[in-house]
Amino acid sequence: MKGKTGPVADHLRPILDAYLDSAVAVVGCASRGMQRYSCEFDVLVVTGDTRPATSLKLGDVFVDVAFATEDEVLRPRPERALSLASAKPVRDTSLTLSTAIATSSATLSASAEAASTARLGSALKGLGRAEDALAKGSLIDADFWLMASSYEFAGAFLLSKEAVPSPSHLLSQLRSFSRGAAKSFEAVAAGAGLEAASRAGCGARLEGLTVLHDILRGGAPQGESEWSAARTEILSAKARELVVRMELAECYSFLGEELAEGVTALLRARPRETLSSLTTGDGKLLGERLTRQLGLAREEAPVRLGVAVLKEQVAALSKKRWGPE
C-alpha cells in the first residue's frame, strides 16, 4: 500500500518501531481511497492494553493513532467493525488483523444496522436535550444540542447505507446517498446551521476551535492528550484545503463536527455544568465571544425549525431504515 509520497510503512516507521510486537493497520479514508492531500493517516495499533487515541506529526505526515486490545479487534463494537472491514494491514505477523478483517467483512450489514441504531438513539437523546433547553430559555444549549444531533443523524443515515461517515467528506457522502431522500440532507443542513457557511465563518470557527483545543488539553502532559497540538494542526490543514477548493459548506460542517465532539467532551468532564453556565455563569470558561466564533449564536426561530425538521427525519429513518427509499 502506498500513500502520499511513498509506501505507508515508511511514513509509519516510528510507530512500527515503537510498538514492535503490535499489529498495525491503516483505517479510515486512506484505506478506502477517499483521502484528500491534507488528510492524515488513521492508524490502528493492537496493544496489550487500552489507551487513549492521540495525534502525531511524523516528519511532514500527520497520523491519528487509535489503540485497541486483541479482544477489542476480534470482537469489535459495530462502528469499529465497519472500519476494520476496509482496513489495510501494515504489519500483522500474528494474523490478528487478517482474522478481524475477514470477520468484520462477513458481518458488515449487521454491524451497519447496529451502528446506525446507536447513532439514531444519540440523535434522539440530543434532540430531547435541545427541546428541554428551549423550554428553559437556554438558547445556546439548544443550539449546541441541535447541532450535535444533526451529526449523529447524518452518521445514522450513512451507516444505514453501509457507508462509514468521514467528517471532512460528510456532505459529499450525504449528497451521494440521499438521492431520492433530499429531506435527510436538508435536515442535517438546517440542524447544523450550514446557512452560516462562508470563508469568514470557517475562519472564525477554526480560530475558536484552536482555543477550545487548548482548553481541552488543560494540564495534560505533552503527547498524552487526545486534543494534542498535532490534532489542531490536522484540523487547520484540512480546513485550509477545503476553503481553497471553495468547499465552504463542507469546511463549516467538518469544523462543526469537531466542535460537537469537543464541547461534548468538555461537558462530560463537568457533568454539573451546561454550555450556558460555561459561557456566562460563575464557572465561565468559554465566554460569549468564543461561542460566537464557534457559531453557536443562532436565533430562536431557526433553532426551533431545525429541531422540528430533524426530529421528523429521525423518526422517518427509524421506521424505514432498511427499506427502499
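Confirm whether S105 is at pLDDT 80 or above, touching a helix residue (DSSP H, G or I) at 6+ places or on another chain (Cβ under 9 Å) and surrounded by fewer than 16 Cβ atoms within 10 Å (Cβ to Cβ).
Working: at pLDDT 80 or above: yes; touching a helix residue (DSSP H, G or I) at 6+ places or on another chain (Cβ under 9 Å): yes; surrounded by fewer than 16 Cβ atoms within 10 Å (Cβ to Cβ): yes.
Yes.
Quick one: which of A204, A200 is over 25 Å from D42 (Cβ atoms), open to solvent by less than 40 Å² (accessible area, probe 1.4 Å) and modelled with pLDDT of 95 or more?
The match here is A204.
Restricting region 90-99 to residues that are assigned to a helix (DSSP H, G or I) and touching a residue at least 40 places away in the same chain (Cβ under 8 Å), which is nearest to L158 (Cα to Cα)?
Filtering region 90-99 for residues that are assigned to a helix (DSSP H, G or I) and touching a residue at least 40 places away in the same chain (Cβ under 8 Å), the one nearest to L158 (Cα to Cα) comes out as L97.
Quick one: count up the residues across region 91-116 that are more than 24 Å from the chain's Cα centre (by Cα) and not acidic (D, E).
The total comes to 10.
Cβ-Cβ below 9 Å, separation at least six or inter-chain, first residue in region 291-319 and at positive phi, second buried (at least 16 other Cβ atoms within 10 Å of the Cβ) and of a type in the set (F, W, Y): which pairs?
Note: pairs meeting the criteria are G295/Y252.
Confirm whether E226 is on the phi > 0 side of the Ramachandran plot and under 18 Å from the mean Cα position of the chain (by Cα).
For E226, the condition - on the phi > 0 side of the Ramachandran plot and under 18 Å from the mean Cα position of the chain (by Cα) - is not met.
Does region 75-89 include one or more residues that are outside any helix (DSSP H, G or I), hydrophobic (A, V, I, L, M, F, W, C) and at positive phi? Lay out the reasoning, then the answer.
Taking region 75-89 and keeping what is outside any helix (DSSP H, G or I), we get 75-77, 86-89.
Now restrict to residues that are hydrophobic (A, V, I, L, M, F, W, C): 87.
From what's left, at positive phi: none.
No, there is no match, as no residue in region 75-89 is outside any helix (DSSP H, G or I), hydrophobic (A, V, I, L, M, F, W, C) and at positive phi.
When you scan region 54-74, how many residues do you find that are part of a strand (DSSP E or B), under 23 Å from P165 (Cα atoms) and free of Cβ contacts under 8 Å to residues at least 40 places away in the same chain?
Qualifying residue count, region 54-74: 3.
Among (1) open to solvent by less than 30 Å² (accessible area, probe 1.4 Å); (2) at pLDDT below 95, there is one condition R270 misses while meeting the rest; what is its number?
In the conditions (1) open to solvent by less than 30 Å² (accessible area, probe 1.4 Å); (2) at pLDDT below 95, R270 misses (1) alone.
Somewhere in region 299-315, is a residue surrounded by fewer than 22 Cβ atoms within 10 Å (Cβ to Cβ), at pLDDT 95 or above and farther than 18 Å from L146 by Cα?
Looking through region 299-315, none of the residues is surrounded by fewer than 22 Cβ atoms within 10 Å (Cβ to Cβ), at pLDDT 95 or above and farther than 18 Å from L146 by Cα.
Going through R51, R32, R77 one at a time, which residue ends up being open to solvent by 60 Å² or more (accessible area, probe 1.4 Å) and in contact with a strand residue (DSSP E or B) (Cβ under 6 Å, 6 or more places away or on another chain)?
Result of the check over R51, R32, R77: R51.
Can L290 be described as within 20 Å of K136 (Cβ to Cβ) and of a type in the set (A, V, I, L, M)? Working first, answer last.
Working: within 20 Å of K136 (Cβ to Cβ): no; of a type in the set (A, V, I, L, M): yes.
Judged against the criteria, L290 is not a match.
Looking only at region 80-101, which residues are open to solvent by 60 Å² or more (accessible area, probe 1.4 Å) and over 19 Å from I15 (Cβ atoms)?
Hits for region 80-101 are L95, T99.
What's the number of the only condition in (1) surrounded by 14 or more Cβ atoms within 10 Å (Cβ to Cβ); (2) modelled with pLDDT under 90; (3) assigned to a loop (DSSP other than H, G, I, E, B) that A230 fails to meet?
It fails just one condition, (3).
Name every residue in region 134-168 that is without any contact (Cβ under 8 Å) to a residue 40 or more places away in the chain, within 26 Å of A297 (Cα to Cα) and surrounded by fewer than 23 Cβ atoms within 10 Å (Cβ to Cβ), in order of residue number.
A135, K136, G137
Condition first: open to solvent by less than 10 Å² (accessible area, probe 1.4 Å), touching a helix residue (DSSP H, G or I) at 6+ places or on another chain (Cβ under 8 Å), in contact (Cβ under 8 Å) with a residue 40 or more places away in the chain and of a type outside the set (A, V, I, L, M). Can you find one or more residues in region 170-182 that meet it?
The answer is no, given that none of the residues of region 170-182 is open to solvent by less than 10 Å² (accessible area, probe 1.4 Å), touching a helix residue (DSSP H, G or I) at 6+ places or on another chain (Cβ under 8 Å), in contact (Cβ under 8 Å) with a residue 40 or more places away in the chain and of a type outside the set (A, V, I, L, M).
The values are calculated or read from the model by the stated rules, or taken from the named source; none is laboratory data. Source: prediction; values computed, not measured. Ideal geometry is used to build each Cβ from the backbone, glycine not excepted, and the neighbour counts take in all protein chains shown. Side chains included, ligands, DNA and RNA excluded: accessible areas come from the protein's heavy atoms. Shrake-Rupley method; radii C 1.70, N 1.55, O 1.52, S 1.80 Å.
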